[in-house]
1. How high is the FRET efficiency between residue C:150 and residue B:168 when r is their beta carbon distance and R₀ equals 35 Å, given to the nearest 0.05?
2. Taking the 0 to 90 degree range and rounding to the nearest ten, how far is the long axis of helix B:2-15 tilted relative to the main principal axis of chain B, both from C-alpha atoms?
3. Please give, to one decimal in nm, the separation of the simple spin-label points placed at residue A:294 and residue B:251, each 7 Å out from Cα toward the Cβ.
4. Kindly identify region A:56-126 as rounded, prolate or oblate by the Cα gyration tensor criterion: order the square roots of the eigenvalues as a ≥ b ≥ c, call it rounded if a/c is under 1.5, otherwise compare a/b with b/c, prolate if a/b is larger, else oblate.
5. Note the full-extension length gain between residue A:271 and residue A:36 as 0.36 nm times their separation in residues minus their Cα-Cα distance, in nm to one decimal.
6. FRET efficiency for residue C:173 and residue C:211, Cβ-Cβ distance as r, R0 = 30 Å, nearest 0.05?
7. Pull out a ≥ b ≥ c, the square roots of the eigenvalues of the alpha-carbon gyration tensor of region C:2-260, then state rounded if a/c is under 1.5, prolate if not and a/b is larger than b/c, and oblate in the remaining case.
8. Obtain the nm distance between the two label points defined at residue A:285 and residue A:236 by a simple spin-label model: each point lies 7 Å from its Cα along the Cα-to-C-beta direction.
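Please treat every number below as a calculation from the coordinates, not as lab data. Here the structure is a predicted model, which means the values were calculated and not measured. Backbone-built Cβ (ideal geometry, glycine too); neighbour counts: all protein chains shown.
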């Protein structure tokens with residue numbers, strides 16, 4: 001469905017310095033640095049997948065999104081999305097995609113939401129019956145009924161995001177690009193947005209690509225992660241694979257009654273008669289660890305926790321020196 | 001048509017801020033009117049300029065101002081295009097399956113220019129009562145053509161200015177030389193200027209075909225009917241401008257900035 | 001004064017960084033000046049009677065106008081101050097231990113002077129190289145030049161004091177772009193920025209001489225081109241000082257009143 005092959009993109013960036021003298025120099029000559037925003041990026045995405053496209057700021061996420069949504073022509077590489085090359089067939093291609101930029105609105109600020117929807121109907125030339133059906137469906141799943149007649153500027157951020165999602169889906173897109181869809185939302189709205197993404201993915205088989213910094217989004221929505229850093233794809237796999245590879249470290253919390261001898265292994269935290277430390281089950285098996293610990297203390301209770309996904313990502317970034 | 005749907009929704013938006021709309025519209029009456037007042041005072045001192053009387057010059061003035069106010073209202077999206085590039089809203093336009101030109105046009109309207117239009121129309125009516133014109137159907141048509149021609153020229157220059165935004169957003173005020181400057185120059189009949197100015201504003205940026213040349217025919221200063229149709233040349237001016245715009249969009253797509 | 005210097009340096013450096021903008025500004029103003037000159041040339045050519053100022057004097061006034069535009073235009077928009085007033089961020093400013101009137105005054109002055117300093121020299125140098133009668137020339141004598149500098153500086157102080165009144169009025173109108181436009185346009189007309197005051201009808205001139213606006217531009221520029229005698233100029237300097245004091249007092253009192261009202265209404 002989405003085939004991206006060897007995409008490369010470089011930018012020229014002007015240098016700028018501080019101080020009067022530097023500013024004067026700058027008047028005369030301007031220096032440029034060349035930044036490689038995307039370096040041989042390739043991936044395939046099948047219909048119906050929800051892919052989390054992650055990486056630190058400036059890694060090349062939005063450049064990728066721009067390329068595959070047709071608004072940036074790469075220097076090199078090919079791309080075939082539902083039969084189109086996005087930047088060559090842009091006007092035809094964009095009929096089939098929906099884009100939500102989390103921080104920017106695509107609705108008209110001072111008029112009721114429904115007016116924006118009507119205009120989008122005209123922009124996308126959506127047939128009336130299709131529009132009616134979609135509007136009904138979206139109103140129901142996103143609970144838009146009370147919002148539709150309110151001017152956008154009076155909506156809360158969460159309400160607005162629901163309306164944005166609706167706006168992006170009126171024209172039945174096959175692919176949905178979501179750029180930080182949950183940024184700045186409260187917990188309830190985040191949940192609503194996530195539920196909705198799941199629903200349309202299941203019911204309409206919409207393929208979803210989302211960028212996010214919120215790891216709960218990843219955990220709850222995504223079945224596949226693509227990690228990008230410094231313009232390169234560093235990792236591409238299912239969430240479980242990532243967990244397996246980087247999640248072998250766990251935290252162990254042991255409650256003890258008596259202590260036999262002083263601890264001489266690294267401990268993260270001692271709290272009364274509880275101690276917390278990191279273990280790596282790839283290096284030592286669980287029984288081995290328990291055996292060892294029982295040399296030091298009389299164990300009363302054991303609690304083992306997987307690393308939260310956020311910590312896994314931090315480790316990922318560290319591992320690739322991002 | 002999609003364009004009118006944009007007009008509708010943005011007019012509705014504008015009505016949300018009624019008071020400021022009314023105040024700004026009134027303010028818009030004064031800006032050009034002070035210029036006309038200047039012209040009026042100058043004529044008190046100088047009586048005429050190269051054979052043109054005050055109210056004949058006033059006709060030049062109103063044609064250019066009517067065209068300018070309509071362009072500022074309805075082509076404002078291109079005039080204020082740097083905003084779309086800076087905020088990234090132009091990306092939004094690119095992910096929609098319609099021509100960029102219609103969408104940029106639809107991105108903004110400046111309805112307060114009704115004030116500017118109003119003062120121009122009032123002066124127009126006064127000027128018509130003061131000037132002798134042997135009316136015929138061609139002359140009525142010519143007036144309409146003049147205004148349309150002016151709109152196309154101003155719009156074309158806005159498009160060139162907007163195209164520049166793809167390359168730099170600094171120093172765009174240079175383009176005002178061509179719009180505001182051209183408007184200021186061509187509110188007088190261009191034959192009052194030196195030869196090179198006249199040529200520049202006839203052959204390069206053809207403001208001369210908007211008011212001066214057709215008014216020669218309308219005011220009976222020249223009876224060749226061909227002058228009545230010179231405004232059509234101004235309409236053609238939009239063609240190279242559209243080509244330049246398309247080139248700019250292409251550049252934007254390959255640099256993303 | 002200190003805050004003025006700091007603000008001035010900040011603005012000046014920022015201005016330098018945008019070389020394209022500075023260049024474009026110079027270019028634009030050069031063309032505007034040239035355009036006005038072309039229009040007036042046509043008027044002068046179609047009349048043989050002598051005018052209150054010669055065409056060459058008028059040309060020089062036009063170039064000065066363009067070179068020092070940032071100093072003399074009545075309305076020089078400062079979005080930050082506008083936002084503080086209309087969006088109510090003013091509360092933060094009121095917490096700082098500064099006098100708001102003086103701070104804004106310094107800020108607006110810094111903005112104008114830094115912007116003018118970046119632009120006036122290139123314009124005057126280029127225009128002095130043009131052939132007669134379009135060229136910019138030195139004033140008739142050294143004393144005129146000194147008087148020109150003094151009246152220009154005092155003129156800027158008047159302009160800023162006048163524009164402060166516009167900002168203060170925004171405490172009441174809260175957006176007021178419309179009223180600012182009207183005030184700005186009328187003020188600029190009365191300052192002689194649309195057509196030079198010597199070319200206006202006599203009756204209008206008499207009114208204009210009673211108002212502060214002409215002391216911002218018309219006075220210094222006409223001293224420069226030698227269309228005002230030294231004696232008249234010295235008297236005018238005294239009038240300028242009186243206007244500065246009057247406008248300062250009005251602005252200060254009005255601002256205090258506006259702020260008090262703001263506090264009572266709770267922002």
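1. With a Förster radius of 35 Å, E is 0.30.
2. Here the helix axis deviates by roughly 90 degrees.
3. 7.6
4. Taking the square roots of the gyration eigenvalues as a ≥ b ≥ c, region A:56-126 is oblate.
5. Extending this stretch completely gives an extra 79.7 nm.
6. 0.85
7. prolate
8. Roughly 3.7 nm, to one decimal.
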